[in-house]
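The values are calculated or read from the model by the stated rules, or taken from the named source; none is laboratory data. This is a predicted model, so every value here is computed, not measured. Every residue, glycine as well, gets a Cβ built from its backbone with ideal geometry; the counts of neighbours run over all protein chains shown.
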Amino acid sequence: MINVIGLGYIGLPTALMMASHGVEVVGTDYNKELVATLNAGKTTFKEKGLDELFAEALKSGIKFTTEYQVTDTYIVSVPTPYDKFSKKVDACYVVAAVKSVMEVCPKGATVVVESTVSPGTIDKYVRPVIEENGFKIGEDINLVHAPERIIPGNMVYELLHNNRTIGADSKEIGEKIKNLYASFCQGEIVVTDIRTAEMTKVVENTFRAVNIAFANELAKICRHDNMDVYEIIKICNMHPRVNILQPGPGVGGHCISVDPWFLVGDYPSLAKVIDESMKTNDGMPDFVLNRIYEIMKEKGLTDLSRVGFYGLTYKENVDDMRESPTLQMLESMERHLSGNLVKVYDPFIEKDEVPNQMHSLDEFLDAVDLVVLLVGHNEIRENMDKLKGKVVLDTRHICDLDGVYRL
Ligand code: SAJ
């Protein structure tokens with residue numbers, strides 16, 4: 001039996017996927033409310049194909065509990081935030097989970113850490129916890145790092161099809177865990193050592209962050225001299241060895257806006273490009289705010305309460321607001337203008353999360369003259385006509401109405 005610890009964005013789909021592929025799974029989370037919701041037959045976030053997968057896993061007998069199980073394999077997928085001051089990974093949840101596993105697990109068990117961690121975290125924080133509990137790693141307990149790689153918005157598909165990395169101390173244990181993931185994963189599964197697996201995962205997200213920062217910097221250069229950054233990127237990307245990502249209002253989510261900081265925190269004098277890139281991305285919400293003020297001035301608009309922010313989530317077609325650029329813009333306005341007057345709307349966020357939040361597209365559009373498109377949800381892509389007659393600032397390059405403003 002596999003005990004999956006942490007039933008959030010990664011742990012839950014992973015547990016469901018294994019269960020629906022014939023593996024006996026018990027999911028454990030310390031959040032009683034979350035466990036109760038799952039036991040009541042409901043998922044806790046929206047994701048394409050998740051409800052169907054959940055139904056299948058329930059049929060196959062998956063169980064959810066707050067208790068750690070006595071078994072031979074544990075998969076730890078708990079959050080790894082970063083410390084805002086030191087920029088280093090905060091491994092407290094991983095350490096707490098492994099500690100709890102150590103209290104119940106028998107000798108011979110394997111602990112797989114799926115959470116993203118900076119290179120060296122397992123040596124520095126996880127191995128000591130195991131040894132402090134009297135276990136010898138490699139003899140009594142086996143340790144594996146199998147970082148998740150799935151993208152929110154397409155998690156179920158990517159769980160099935162992405163290649164995976166398994167880092168283990170010994171080839172034999174690496175192969176054993178590879179076989180477990182191969183129960184559902186159709187991608188290639190590479191077995192390597194733990195430090196390499198840690199670094200690879202962080203590097204993948206850092207590559208994307210730096211690429212987006214490059215696109216954001218190009219957007220600023222192009223704005224300065226009135227060039228079309230999107231046309232330029234499109235043409236550059238027709239070169240067989242160029243692949244530039246898209247500029248945007250900032251980088252949110254719990255991965256690309258977080259993981260690269262681990263490298264800056266651990267290697268401050270070496271990770272220069274990464275540091276600058278992260279600062280560029282973090283500066284985009286303020287860049288968008290300045291664009292809004294410029295456009296208001298140009299159009300003679302003075303009333304901020306007639307400005308509307310479309311989108312609260314960190315990207316399109318997900319219901320996740322973590323580190324979202326819109327929230328960063330609202331916070332910045334709160335700080336500088338001591339209040340937030342703008343109207344906000346997101347079809348994926350039903351609960352009231354911010355002031356002046358509206359709950360239908362029509363109500364939102366009636367209340368505003370300037371619409372700032374911050375997230376490219378399908379809803380707005382399918383209703384572009386409704387923006388006719390409004391002043392539109394499109395930060396996602398999804399609107400081609402006449403007179404639309406861009407980054
Ligand atoms: N963004 C841009 N321009 C782009 C692409 C994205 O501004 O061209 C923004 C998005 O709007 C969003 C942010 O970047 O705010 C991050 O979104 P994302 O879709 O690039 O990535 P995440 O954070 O949702 O998921 C990433 C993925 N990593 C890579 O693609 C290398 C995913 O595969 C990882 O599993 C995930 O991080 C993770 O958990 O680490």
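Annotations for the structure displayed:
- Residue among L270, L289 that alone is crowded, with 17+ Cβ neighbours inside 10 Å, farther than 17 Å from F214 by Cα and either modelled with pLDDT of 95 or more or within 14 Å of the ligand (Cβ to nearest atom) (or both): L289
- Residue check for R322: within 16 Å of the ligand (Cβ to nearest atom) and closer than 13 Å to V391 by Cα: no
- Positions within the range 220-267 being near the ligand (Cβ under 8 Å from one of its atoms), without any contact (Cβ under 8 Å) to a residue 60 or more places away in the chain and surrounded by 19 or more Cβ atoms within 10 Å (Cβ to Cβ), in sequence order: I256
- When the residues of the range 15-39 are filtered to those that are among the small types (G, A, S) and farther than 21 Å from D319 by Cα, the one that is surrounded by the most Cβ atoms within 10 Å (Cβ to Cβ) is G27.
- Residue within the range 178-194 that is farther than 30 Å from G248 by Cβ, among the charged types (D, E, K, R) and either in contact with a strand residue (DSSP E or B) (Cβ under 7 Å, 6 or more places away or on another chain) or buried (at least 17 other Cβ atoms within 10 Å of the Cβ) (or both) present: yes
- On inspection, P119 passes the criterion of being touching a residue at least 60 places away in the same chain (Cβ under 8 Å), touching a Lys or Arg at 6+ places or on another chain (Cβ under 6 Å) and in a loop (DSSP other than H, G, I, E, B).
- Qualifying residue in the range 44-52 (condition: touching a strand residue (DSSP E or B) at 6+ places or on another chain (Cβ under 6 Å) and modelled with pLDDT of 95 or more): no
- Single unsatisfied condition, L361 versus (1) away from the ligand (no atom under 16 Å from the Cβ); (2) closer than 30 Å to I150 by Cα; (3) touching a residue at least 24 places away in the same chain (Cβ under 8 Å): (2)
- Criterion (of a type in the set (A, V, I, L, M, F, W, C), buried (at least 20 other Cβ atoms within 10 Å of the Cβ) and either away from the ligand (no atom under 15 Å from the Cβ) or closer than 30 Å to L263 by Cα (or both)) met by exactly one of L301, L341, L327, L337: L327
- Extreme residue, nearest to A197 (Cα to Cα), among residues of the range 151-163 that are at pLDDT 95 or above and either surrounded by 20 or more Cβ atoms within 10 Å (Cβ to Cβ) or more than 16 Å from the ligand (Cβ to nearest atom) (or both): L159
- If you check I232, I244, I274 for being under 29 Å from N317 (Cα atoms), in a loop (DSSP other than H, G, I, E, B) and outside the structural domain of G153 (by TED's automatic domain parsing), only one passes: I244.
- Selection of the range 299-355 for residues being more than 15 Å from K46 (Cα to Cα), in contact with a Gly (Cβ under 7 Å, 6 or more places away or on another chain), in a loop (DSSP other than H, G, I, E, B) and not hydrophobic (A, V, I, L, M, F, W, C) yields E323, S324.
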